[in-house]
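Participant: Questions regarding the structure given below will be posed in turn.
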Amino acid sequence: MKTVTQLRDELATVFDDLRSGEIKPKEAGELANVAGKMINSAKVQLEYYALRKETPDITFLK
Amino acid sequence: MPYRDKAKQKEWRVKNKDKILEWRNANRERICELSKKWARENPEKVKATRATRHEKNPEKRKAQDAKWKANNPDKVKLIARTFRVNHLEQEKQRLKKYRTDLSDGYIRDKLRLKSSDEVPQALIEAKRLQLLIRRMTNENSNAIT
């Protein structure tokens, strides 16, 4: 999982699996937690570029 | 007015355009005073004229509004705040919808990002899915306990 698009697709799959009962809520919760960490790190990078008044060049967001 | 006939009056105006302009420039203050007095005495007519003018030129009005908003950010904030205070119930409903629908604005708030920041839509969608999963797992854990 190298980009945010892949992360989104993965989360969509997890959400579908959770709804159909294929994975346990605890497991889904853990995955969502990890996804949250990845999103937050991307957010911090975005803020960093905004503070430096530069155009973001983040591989994860491409 | 020199003529009662409107067509003749128009003709006269076209002919004496320069004269009229000259007179207007010379009596600018008086004209301003009189028009203000007329506007004070005829608020309904002013309102109607303004409305038709806006209907005729919606684009111009939009541009004027945007210009005014850009020049008066403090007033815009104050108006929005007053509106929110006066329509508290409506505002509560809007915020509730904002939360339940997981709108883009709500997710931006959650990420603590400014509306002016350029955020890729994929990141917002990923965050939305993450929040949905978290809500679902929380619901499940609440149902178990």
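Participant: Among the candidates B:THR137, B:THR82, which residue alone is among the polar types (S, T, N, Q), on the phi < 0 side of the Ramachandran plot and within 14 Å of another protein chain (Cβ to nearest Cβ)?
Facilitator: B:THR137
Participant: Further question on the same structure: Select from the range B:120-134 the residues that are more than 22 Å from A:GLU27 (Cβ to Cβ) and either within 7 Å of another protein chain (Cβ to nearest Cβ) or among the hydroxyl-bearing types (Ser, Thr, Tyr) (or both) and list them in ascending order.
Facilitator: B:PRO120, B:ALA122, B:LEU123
Participant: Among the candidates A:VAL44, A:VAL34, A:VAL14, single out the residue that is surrounded by fewer than 16 Cβ atoms within 10 Å (Cβ to Cβ), under 17 Å from B:THR137 (Cα atoms) and either of a type in the set (A, V, I, L, M, F, W, C) or in contact with a Pro (Cβ under 7 Å, 6 or more places away or on another chain) (or both). Can you show your working first?
Facilitator: Numbers: A:VAL44 fails: under 17 Å from B:THR137 (Cα atoms); A:VAL14 fails: surrounded by fewer than 16 Cβ atoms within 10 Å (Cβ to Cβ).
Checking each option against the conditions leaves just A:VAL34.
Participant: For the range B:37-100, list the helices (runs of 4 or more DSSP H) that sit wholly inside it and hold at least 1 residues that are closer than 30 Å to B:ARG134 by Cα and out of contact with any Gly (no Cβ under 7 Å at 6 or more places or on another chain); which are they?
Facilitator: Once the helices (runs of 4 or more DSSP H) in the range B:37-100 are filtered for at least 1 residues that are closer than 30 Å to B:ARG134 by Cα and out of contact with any Gly (no Cβ under 7 Å at 6 or more places or on another chain), what remains is B:88-100.
Participant: Scanning the range B:101-114 for residues that are among the acidic types (Asp, Glu) and part of a helix (DSSP H, G or I), which turns out nearest to B:THR49 (Cα to Cα)?
Facilitator: B:ASP104
Participant: Given A:GLU22, A:GLU47, A:GLU27, A:GLU10, which one is within 18 Å of B:VAL119 (Cβ to Cβ) and either out of contact with any Ser or Thr (no Cβ under 6 Å at 6 or more places or on another chain) or touching a residue at least 60 places away in the same chain (Cβ under 8 Å) (or both)?
Facilitator: After ruling out the rest, the residue left standing is A:GLU47.
Participant: Something else now. Looking only at the range A:1-17, filter to residues that are at the interface with chain B (Cβ under 7 Å from one of its Cβ atoms) and aliphatic (A, V, I, L, M); which one of those is nearest to A:ILE58 (Cα to Cα)?
Facilitator: A:VAL4
Participant: What pairs can you find where one residue is in the range B:61-79 and charged (D, E, K, R), the other is surrounded by 11 or more Cβ atoms within 10 Å (Cβ to Cβ), and their Cβ atoms are less than 7 Å apart, with a gap of 6+ or different chains?
Facilitator: Going by the 7 Å Cβ cut-off, the qualifying pairs are B:ARG61/B:HIS54; B:LYS69/B:VAL76.
Participant: Pick out the one residue from B:ASN42, B:ASN142 that is more than 29 Å from A:THR3 (Cβ to Cβ) and within 14 Å of chain A (Cβ to nearest Cβ). Give the steps one after another, and end with the answer.
Facilitator: Working: B:ASN42 fails: within 14 Å of chain A (Cβ to nearest Cβ).
None of the other options fit; the residue is B:ASN142.
Participant: From the list B:LYS110, B:LYS69, B:LYS62, B:LYS97, which one is among the charged types (D, E, K, R), within 14 Å of chain A (Cβ to nearest Cβ) and surrounded by 11 or more Cβ atoms within 10 Å (Cβ to Cβ)?
Facilitator: B:LYS110
Participant: Condition first: assigned to a helix (DSSP H, G or I) and closer than 30 Å to B:THR137 by Cβ. Now tell me which residues in the range A:47-62 satisfy that.
Facilitator: Answer for the range A:47-62, where residues must be assigned to a helix (DSSP H, G or I) and closer than 30 Å to B:THR137 by Cβ: A:GLU47, A:THR59, A:PHE60, A:LEU61.
Participant: Quick one: in the range B:1-50, of everything that is β-branched (Val, Ile, Thr) and in contact with a helix residue (DSSP H, G or I) (Cβ under 7 Å, 6 or more places away or on another chain), which residue is farthest from B:ARG61 (Cα to Cα)?
Facilitator: Filtering the range B:1-50 down to residues β-branched (Val, Ile, Thr) leaves B:14, B:20, B:31, B:46, B:49.
Those left that are additionally in contact with a helix residue (DSSP H, G or I) (Cβ under 7 Å, 6 or more places away or on another chain): B:20, B:31, B:46.
Details: B:ILE20: 29, B:ILE31: 25, B:VAL46: 16 Å.
Taking the candidates together, the pick is B:ILE20.
Participant: In the range A:24-41, how many residues are closer than 19 Å to B:ASP109 by Cα and either more than 7 Å from chain B (Cβ to nearest Cβ) or in contact with a Cys (Cβ under 9 Å, 6 or more places away or on another chain) (or both)?
Facilitator: The total comes to 5.
Rule-based calculations on the coordinates, nothing more; no lab input. These numbers were taken from a predicted model, which means no experiment stands behind them. A quick note on method: Cβ atoms are made from the backbone with ideal geometry, for glycine too, and the neighbour counts reach across all protein chains shown.
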